[in-house]
Ligand SMILES: [Cu+2]
């Protein structure tokens, strides 16, 4: 009785696991196998994987069948006597040539795919991807389009409210997607502003480290329009899990339209630096910039995470001379996580966030910074 109960308790998890395993068999392709992806190279990699898997499968079947057969038929109890020969040239030739042939059968397509994977030449679109703690900067070379893509606002709210189910793509959605055309060769040039990150989008079969001071390349030729998600795949600090990637593949005319719209947005942004802004406008803008760009380190309430990330509430810099405040935000502080935000934020964003910091979290300096001041300091 006791034994029966015990065994039920022991086996229940096992049977539960097995039933999950077998019920997922119906969707084996999605659950157990690697993704096929949507780019030419991801398909090549998938085919290579399947080829090698089937070769292993056949080899396994042959080896284990011979083994099972030998163990069954030539066992001692049946009176089998082991043969007793030495140095059979035939056997040695067979067990050298057969594996050699198998290895060559694998090496030829593997090398071809690997060479193809490395060859990002003759591309139609070139995008420079820069990893930054903890967001991505995309620069469309020769197109005059450049922007920063970070975790979406809804996602950020879901994180601070600890409610992952309140959004559809928890930690997998961004404010600005990277848009690319289908049926074109897209080259990616990877680098980093701070630490090593890795740009990983499984469906494109692109996973490349972004290393400060180096440029790595990769490419994708996407055949199917759609939205493909990925994330940073290199442990890069506190918010490593909060820098997703969203690629939107569209048709060429849609892509062209998007480029024009982006250029328009950038021009409007540049024009807004010359305008005189009110305190209220700057505060509202500053709050959203702060949430998106600064709160990760300095905290939503400006309390920071001392001693590494200083508080901005009552900070001598944020309540002191405005020149020093502007300087640290624009130029960062070498050797610390405080980056030079002049390369990431527009004049308006910088002016707004500095104004916001001077008049929030209990700071009551009362002054404001105009975007034109930032512009003149670039
Ligand atoms: Cu990262």
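The values are calculated or read from the model by the stated rules, or taken from the named source; none is laboratory data. These numbers come from a predicted model, not from an experiment. Here the Cβ positions follow ideal geometry from the backbone for every residue, glycine too, while neighbour counts run over all protein chains shown.
A few remarks follow.
- Conditions (1) under 30 Å from residue 46 (Cβ atoms); (2) assigned by TED's automatic domain parsing to the domain that holds residue 192; (3) away from the ligand (no atom under 16 Å from the Cβ): number failed by residue 131: (3)
- Residue match in the stretch 38-56 (condition: surrounded by 12 or more Cβ atoms within 10 Å (Cβ to Cβ), outside the structural domain of residue 185 (by TED's automatic domain parsing), closer than 30 Å to residue 202 by Cα and modelled with pLDDT under 85): no
- Number of the condition not met by residue 203 [criteria: (1) within 16 Å of the ligand (Cβ to nearest atom); (2) outside any strand (DSSP E or B)]: (1)
- The one condition in (1) within 16 Å of the ligand (Cβ to nearest atom); (2) more than 29 Å from residue 305 (Cα to Cα); (3) in contact with a strand residue (DSSP E or B) (Cβ under 6 Å, 6 or more places away or on another chain) that residue 196 fails to fulfil: (2)
- Just one of the listed residues (269, 235, 259) is modelled with pLDDT of 95 or more and surrounded by 14 or more Cβ atoms within 10 Å (Cβ to Cβ), and it is 259.
- Positions within the stretch 152-189 being under 12 Å from the mean Cα position of the chain (by Cα) and within 16 Å of the ligand (Cβ to nearest atom), in sequence order: 171, 172, 174
- Failed item in (1) under 16 Å from the mean Cα position of the chain (by Cα); (2) within 16 Å of the ligand (Cβ to nearest atom), with residue 212 passing the rest: (1)
- For the stretch 244-257, a residue qualifies if it is more than 13 Å from the ligand (Cβ to nearest atom) and in a strand (DSSP E or B), and the qualifying residues are 246, 247, 248, 249, 250.
- Residues of the stretch 219-243 satisfying the condition of being assigned to a strand (DSSP E or B) and within 16 Å of the ligand (Cβ to nearest atom): 229, 230, 231, 232
- Restricting 314, 333, 342, 323 to residues that are within 17 Å of residue 292 (Cα to Cα) and modelled with pLDDT under 95 narrows the list to 342.
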